[in-house]
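Remarks on the structure that follows.
The values are calculated or read from the model by the stated rules, or taken from the named source; none is laboratory data. Here the structure is a predicted model, which means the values were calculated and not measured. Heads up, the Cβs are rebuilt from the backbone with ideal geometry, glycines too, and the neighbour counts pull from every protein chain shown.
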């Protein structure tokens, strides 16, 4: 994909609605600051923070930003000039039409002050329940169009089910054109995720193998060692299927399974991703295993169970683990199972895509060898320790004939400087007007259709698993996924 650092970035006003949110403090402000000081942004970048916080001033917002930047990186101790010159604040009050008109007036004042051409980004760093009202307010104030270009950035989740996603898309399209909308899934900003397409389509030795005749299964795993503490209020109403599978894991699936696009541009790539989603049959409830962690230990440290976490109902049945099986019903992938697995309080944190190939159909080594042949496995590690591994068989020296599984290993850190944060990449794409790494409206709705049978009615059986285990025992026994000892070491 074209590096956004090669794009021409035009001067604009960057408006963040939800400017005092955790997302703004932990992710957006540090990313914007790094982009500026590292020279990725050469044009003036004026940031207007907006929230309903009453009595908050420009100076208060600048103080909040300085604290957030130092908390993100203690080396950011000289941020005063940047904060004073670039950051402003506007209260939205109760969010009335008059409040949005006041926001519009403040935007015009800042554009005149800094000689900006009227290009605007509106970033919704808000709870999902606020999206529709905020989009409507922007439209009523005429902020959906301006003297220059206007872009709307929407954080996940994009709805809570198919009906709510359709309603959100309809509301958005009443105010903004789809070409203006950037639905952000931060997993798509990771360098290793973007490299998946380069790996497939720029290396002739892999693409000819990428089909049902040679691939036995594909497993996409997002494992988290942390629990729900800190976001239990949101998580207990959401669960792992909505929080992780419907968006992050499904986006990784589309990039793994998509056909070669006609070009490396936004619409060509997003069109191929949408075709994958359309080819996936709705998940069968019997192909889904749900789990919830109970008291256990990780790295020798005792951790509480999910129902013991602050903010979680003591009788909660919310799933913290999901393992499911899908099929992409097209010519390339017919009959190949795709396993999507995610969970909290697993032994360690990682995100991986494992492509397991079929074993050779003819066993030519009999009667010299009575053992079994391990399949070749290609593992993409998205985070941490980004890179890939290829598992293959070799003959062990000596007699009798014996196979040993070995691996070829590549790690980004050994070849390149530290990779940029996902939000840095995505923010630059927004400023450049590149929608390649953003989710299109039809992708959202097709993804919700896939998981609708698993969401309504809610899961009947949520199986317990000890914190520090790889999920419920049933997941391994019925999913036939690759051996964790082979993949996760």
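Yes or no: segment 290-307 includes at least one residue that is under 15 Å from residue 236 (Cα atoms), out of contact with any strand residue (DSSP E or B) (no Cβ under 7 Å at 6 or more places or on another chain) and surrounded by 15 or more Cβ atoms within 10 Å (Cβ to Cβ).
So far as segment 290-307 goes, yes, one or more of its residues are under 15 Å from residue 236 (Cα atoms), out of contact with any strand residue (DSSP E or B) (no Cβ under 7 Å at 6 or more places or on another chain) and surrounded by 15 or more Cβ atoms within 10 Å (Cβ to Cβ).
Which residue is modelled with the highest pLDDT, if the candidates are limited to segment 230-244 and must be farther than 14 Å from residue 161 by Cβ and surrounded by fewer than 18 Cβ atoms within 10 Å (Cβ to Cβ)?
234
Filter segment 446-461 for residues that are assigned to a helix (DSSP H, G or I) and surrounded by fewer than 20 Cβ atoms within 10 Å (Cβ to Cβ); which is modelled with the highest pLDDT?
Out of the qualifying residues, it is 449.
Filter segment 159-178 for residues that are in contact with a strand residue (DSSP E or B) (Cβ under 9 Å, 6 or more places away or on another chain) and either surrounded by fewer than 19 Cβ atoms within 10 Å (Cβ to Cβ) or assigned by TED's automatic domain parsing to the domain that holds residue 93 (or both) and give the result.
Within segment 159-178, just 173 meets the criteria.
Specify the residue that is modelled with the lowest pLDDT; the eligible residues are those in segment 191-229 that are outside any helix (DSSP H, G or I), in contact with a helix residue (DSSP H, G or I) (Cβ under 9 Å, 6 or more places away or on another chain) and over 24 Å from residue 357 (Cβ atoms).
First, the residues of segment 191-229 that are outside any helix (DSSP H, G or I): 202-206, 210-229.
If we keep only those that are in contact with a helix residue (DSSP H, G or I) (Cβ under 9 Å, 6 or more places away or on another chain) as well, we get 206, 210, 214-215, 218-222, 224, 227-228.
Subset that is over 24 Å from residue 357 (Cβ atoms): 224, 227-228.
Details: 224: 90, 227: 88, 228: 83.
Out of the qualifying residues, it is 228.
Residue 80 versus (1) under 23 Å from residue 186 (Cα atoms); (2) in contact with a helix residue (DSSP H, G or I) (Cβ under 9 Å, 6 or more places away or on another chain); (3) at pLDDT below 90: which is the lone unmet condition?
(1)
For residue 140, are the conditions met, namely being free of Cβ contacts under 8 Å to residues at least 60 places away in the same chain and farther than 23 Å from residue 55 by Cα? Walk me through it before giving the result.
Details: free of Cβ contacts under 8 Å to residues at least 60 places away in the same chain: yes; farther than 23 Å from residue 55 by Cα: yes.
For residue 140, the condition - free of Cβ contacts under 8 Å to residues at least 60 places away in the same chain and farther than 23 Å from residue 55 by Cα - is met.
Between 31, 71, which is within 28 Å of the chain's Cα centre (by Cα) and more than 28 Å from residue 145 (Cα to Cα)?
Values: 31 fails: more than 28 Å from residue 145 (Cα to Cα).
Result: 71 is the single residue among 31, 71 that is within 28 Å of the chain's Cα centre (by Cα) and more than 28 Å from residue 145 (Cα to Cα).
Evaluate segment 3-16: report whether one residue or more is assigned by TED's automatic domain parsing to the domain that holds residue 111 and within 12 Å of residue 83 (Cα to Cα).
No.
Return the only residue of 419, 437, 427 being modelled with pLDDT under 90, touching a helix residue (DSSP H, G or I) at 6+ places or on another chain (Cβ under 8 Å) and buried (at least 22 other Cβ atoms within 10 Å of the Cβ). Full working, then the answer.
Values: 419 fails: buried (at least 22 other Cβ atoms within 10 Å of the Cβ); 427 fails: modelled with pLDDT under 90.
That would be 437, the only listed residue that is modelled with pLDDT under 90, touching a helix residue (DSSP H, G or I) at 6+ places or on another chain (Cβ under 8 Å) and buried (at least 22 other Cβ atoms within 10 Å of the Cβ).
Out of all the residues in segment 115-148, which are loosely packed, with under 15 Cβ neighbours inside 10 Å and farther than 19 Å from residue 170 by Cβ?
115, 117, 127, 142, 147, listed by residue number.
Considering every residue within segment 262-271, establish whether at least one is surrounded by 15 or more Cβ atoms within 10 Å (Cβ to Cβ) and within 18 Å of residue 207 (Cα to Cα).
yes
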